[in-house]
There are 2 protein chains.
Amino acid sequence: MALALAEARAAMARDEVPVGAVVLDACGAVLAQAGNGVEAGHDASAHAELLAMREAARLHGDARLTGCTVVVTLEPCPMCAAAMVHFRVARVIFGAYDSKSGGVEHGPRIFEQPRCLHRPEVVGGVGERESAALLKEFFRKRR
Amino acid sequence: MALALAEARAAMARDEVPVGAVVLDACGAVLAQAGNGVEAGHDASAHAELLAMREAARLHGDARLTGCTVVVTLEPCPMCAAAMVHFRVARVIFGAYDSKSGGVEHGPRIFEQPRCLHRPEVVGGVGERESAALLKEFFRKRR
């Protein structure tokens, strides 16, 4: 989570919404890490965890991240949660809960859908305070 | 839809699940088109409509595809439907319905979620027969 938070801080320095993510393999080694890149890439899908999963899979040479863990500072949105199903990640550890735009513990609760083909293990609220503080600071400055 | 179907056929020729997509601007001009690229890119998120939206937004220089239409041969999955919300697409026209993995008319019905921030207009079943036939042929050959 420290690495994911560092990516979130780096994203904030680039004027991106401060969210960071890391993908770990089954042994806990870092496969990829990324910060939110929506503004820089003019890509509304460039959320930190999606970028990190894509990079990890590319390096891995396999579209499936079997056994891997995604660590991300914010509860994944429905797009990213559904992508985690496609990438078959084993575990998701996230920081701040997102009652407005989250898709794991809120909204469509993607992994709890009856037709969901793969359900990663979920641990929420890890490093919640720091993750949420970064987001608050970012949106306070923007207003 | 003819262009999207051509992309789907090209995807099938590359041994990808045959789904194709096109992004049109508000005047109906083609901004981007893509076929499914999951296998080639080792990227489980490389669904045709997500690739086409990312490319259209990149060319457009804006993460929002305001006023744009996405035409895709298969009902978008929850990931792609949620991405359409992030990209703020105005309209989605899709071919075959997907009762197993669809996320627009099935499963989490992303655009009908109470917290959904943007609801594209949806027209399903356009070119349904051809789109579904391609998918059937692909999966029949695979078995």
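Since every read-out is calculated from the coordinates, none of them should be taken as a lab result. Because the structure is a prediction, the values reported are computed rather than measured. Glycine also receives a Cβ, built like all others from the backbone with ideal geometry; neighbour counts cover every protein chain displayed.
Sorted shortest first, the distances from the A:Arg109 label point to those of the same residue in the other copies are 1.7 nm; each point sits 7 Å from Cα along Cα-to-Cβ. The mean number of Cβ atoms from other chains found within 10 Å of a Cβ in peptide B:25-37 is 0, as a whole number.
Using Cα atoms only, what is the angle between the long axis of helix B:48-60 and the major principal axis of chain B, expressed in degrees (0 to 90) to the nearest 10? Long axis of B:48-60 versus the principal axis of chain B: about 40 degrees. Quick check: the distance between the Cα centres of the range B:7-36 and the range A:1-49, to the nearest angstrom? Centre-to-centre distance over Cα atoms comes out at 29 Å. Between identical copies, the spacing of A:Arg58 label points, each set 7 Å from Cα toward the C-beta atom, reads 0.9 nm from nearest to farthest.
DSSP beta bridges fully contained in chain A are about 55 percent antiparallel.
With the gyration tensor restricted to C-alpha atoms of the range B:73-116, the semi-axes of the equivalent ellipsoid amount to 16, 13, 8 Å, longest first. Mean sequence separation of contacting Cα pairs (under 8 Å, at least six apart), scaled by the length of chain A, corresponds to a relative contact order of 21 percent. Measuring from each Cβ of chain B to the axis carrying B onto A, the nearest residue and its distance in whole Å come out as B:Pro108, 2.
Between A:Arg115, A:Arg64, A:Arg54, the residue with the greatest mean-square fluctuation in the GNM of chain A (Cα pairs under 10 Å linked by springs) is A:Arg115.
Distances, shortest first, from the label point of A:Arg14 to those at the same position in the other copies read 2.5 nm; the point lies 7 Å along Cα to C-beta. A dipole drawn for the protein assembly as shown from +1 and -1 charges on Cβ atoms has a positive end, and of B:Leu50, A:Gly103, A:Val19 the residue lying farthest that way is A:Gly103. For chain A, the 222 nm mean residue ellipticity estimated from helices alone, with every DSSP H stretch of n ≥ 4 adding -39500 (n - 2.57) and the total spread over all residues, rounds to -11000 deg cm²/dmol.
Among the lysines, select those whose C-alpha is under 17 Å from the C-alpha of B:Lys136, and discard any that sit fewer than 8 residues away in the same chain. Counting by Cα, and skipping residues close in sequence, B:Lys136 has these lysines nearby: B:Lys100. What's log10 of I(q)/I(0) for the protein assembly as shown at q = 0.11, 0.13 Å⁻¹, Debye sum over Cα points only, no solvent? One equal scatterer on each Cα of the protein assembly as shown leads to -0.59, -0.83.
Between A:Pro76, A:Pro120, A:Pro18, the Gaussian network model of chain A with springs among Cα atoms under 10 angstrom shows the greatest mean-square fluctuation at A:Pro120.
Counting only alpha carbon atoms, the long axis of helix A:128-142 and the longest principal axis of chain A meet at about 50°.
About its Cα centre, chain A has a charge dipole of approximately 220 debye under the convention of +1 per Lys or Arg Cβ and -1 per Asp or Glu Cβ, with nothing else charged. Label-to-label distance for B:Ala133 and A:Glu39 is 5.0 nm, based on points extended 7 Å past Cα in the beta-carbon direction.
Among B:His42, B:His118, B:His86, the largest mean-square fluctuation in a Gaussian network model of chain B (Cα springs under 10 Å) belongs to B:His42. Rounded, prolate or oblate: which fits the range B:15-111 when a ≥ b ≥ c are the square roots of the eigenvalues of the alpha-carbon gyration tensor, with rounded for a/c under 1.5 and prolate only if a/b beats b/c? Taking the square roots of the gyration eigenvalues as a ≥ b ≥ c, the range B:15-111 is oblate.
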